[in-house]
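Asker: Sending over a structure as structure tokens; questions will come in a sec.
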Amino acid sequence: MEQFLAGQAIIITGGGQGIGRRLAQHLASLGAAVCIADIDPGAAQATLDLLQSANYTGMAVACDVTSVEDTEKMAAEVLSRFGSIDVLINNAGIFPIKMFSDISAGEWQRVIEINLTGTFLAAKAVYSQMKKQGQGKIINIASVAGRVGGAGFAHYSAT
């Protein structure tokens, strides 16, 4: 494959599994140095192991996107290791299914914190470096559920 992302440092939140893992594999195959940031350090490491087994460059970082400290640490570690932060892919999110009448205030808040506030905090953590570099891209993964909704998706669709 053509290495047109060579020299690019890309952070993927929620990169330990699912869509994030597949993104990490694909972007690394295109030459990017990929940071797999995930609340589950074992999942992040498992994704990194897949990359390294294919001789791709990457790193794993334990990161709770609802934490200012964790997101800032994530950005600092990527900058220290790769020298730049070129792309942030806000992929971390949860998708609980529960009828509106059964959602507690705490459950509502947890979805808001991870899916919405986490996107903001991760973007905030990389913004100053991207501004200093004079470039950078922030990609927010979203769902059609935000436009369509459905039974059991009230909190997810809101985010």
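The values are calculated or read from the model by the stated rules, or taken from the named source; none is laboratory data. This one's a predicted model, so the numbers in the text were calculated from it and none came from an experiment. No Cβ is skipped: glycine too gets one built from the backbone with ideal geometry, and neighbour counts run over all protein chains shown. We work out accessible area using only protein heavy atoms, side chains counted, and drop any ligands, DNA or RNA first. Shrake-Rupley method; radii C 1.70, N 1.55, O 1.52, S 1.80 Å.
Asker: Would you work out the relative contact order for the chain, in percent, from Cα pairs under 8 angstrom that are 6 or more residues apart?
Answerer: On the way: 306 pairs, mean separation 35.5, N = 159.
Here the relative contact order equals 22 percent.
Asker: Using a 1.4 Å probe on the protein chains only, how many percent of the accessible area of the range 1-119 belongs to carbon and sulfur?
Answerer: Values: 3210 of 5830 Å².
Carbon plus sulfur share of accessible area: 55 percent.
Asker: Where a ≥ b ≥ c are the square roots of the eigenvalues of the C-alpha gyration tensor, would you call the range 50-99 rounded, which needs a/c under 1.5, or, failing that, prolate if a/b is larger than b/c, or oblate? Present the calculation step by step, with values, prior to reporting the outcome.
Answerer: On the way: a/c = 2.62, a/b = 1.45, b/c = 1.81.
Oblate is the answer for the range 50-99, as a/c is 1.5 or above yet b/c matches or exceeds a/b.
Asker: Given H placed on each backbone N at 1.01 Å, which residues far from Ala92 in sequence or on other chains put an amide H within less than 5 Å of it?
Answerer: Sorted by chain and number, the residues that satisfy this are Thr13, Gly14.
Asker: For the range 78-91, what does the Karplus curve 6.51 cos²θ - 1.76 cosθ + 1.60, with θ = phi - 60°, yield as ³J(HN,Hα) per residue in whole Hz, taken in order and with x for Gly and Pro?
Answerer: 5, 4, 5, 7, 10, x, 7, 10, 9, 9, 10, 10, 7, 10
Asker: Could you give the dipole magnitude of the range 1-149 about its Cα centre, charging the beta-carbon of Lys and Arg +1 and that of Asp and Glu -1, in debye to the nearest 20?
Answerer: Details: 11 positive and 13 negative charges, 86 e Å.
Here the range 1-149 has a charge dipole of around 420 debye.
Asker: May I ask you to list the aspartates and glutamates whose Cα is less than 12 Å away from that of Lys131, ignoring any residue fewer than eight positions away on the same chain?
Answerer: Counting by Cα, and skipping residues close in sequence, Lys131 has these aspartates and glutamates nearby: Asp86.
Asker: Straight-line reach from Lys124: which lysines have a Cα under 17 Å away, not including same-chain ones fewer than 8 places off?
Answerer: By straight Cα distance, Lys124 reaches Lys73, Lys132, Lys137.
Asker: Could you give the spread of the C-alpha atoms of the chain along their three principal axes, from largest to smallest, in whole angstroms?
Answerer: 49, 32, 28
Asker: Can I ask one more? When you count, for each residue, the other Cβ atoms within 10 Å and take the mean per peptide, how do 75-83, 106-114 rank with the highest first? Can you show the working numbers first?
Answerer: Numbers: 75-83: 17.0, 106-114: 15.2.
Going from most to least packed, we get 75-83, 106-114.
Asker: Could you state the accessible area per residue of the range 9-152 in Å², with a 1.4 Å probe and every protein chain left in place? All intermediate terms of the calculation are to be shown ahead of the outcome.
Answerer: Numbers: 7480 Å² over 144 residues.
Per-residue value: 52 Å².
Asker: Largest first and to the nearest Å, give the Cα extent of the range 1-52 along each principal axis.
Answerer: That gives 31, 17, 16 Å along the principal axes, largest extent first.
Asker: Let me ask you something else. Between Asp102 and Asn140, what length comes free when the chain is fully extended (0.36 nm per residue of separation minus the Cα-Cα distance, one decimal in nm)?
Answerer: Working: separation 38, 0.36 × 38 = 13.68 nm, distance 2.85 nm.
My answer for the length gained is 10.8 nm.
Asker: When the helices in the chain are scored as -39500 (n - 2.57) per DSSP H run of 4 or longer and the sum is shared across all residues, what 222 nm value do you end up with, to the nearest 500 deg cm²/dmol? Before the final figure, lay out the partial values.
Answerer: Numbers: 7 runs with 72 residues, N = 159.
Result for the chain, helices only: -13500 deg cm²/dmol.
Asker: If I model a spin label at Lys132 and Ser80 as a point 7 Å from the Cα along the Cα→Cβ vector, what separation in nanometres do I get?
Answerer: 1.4 nm
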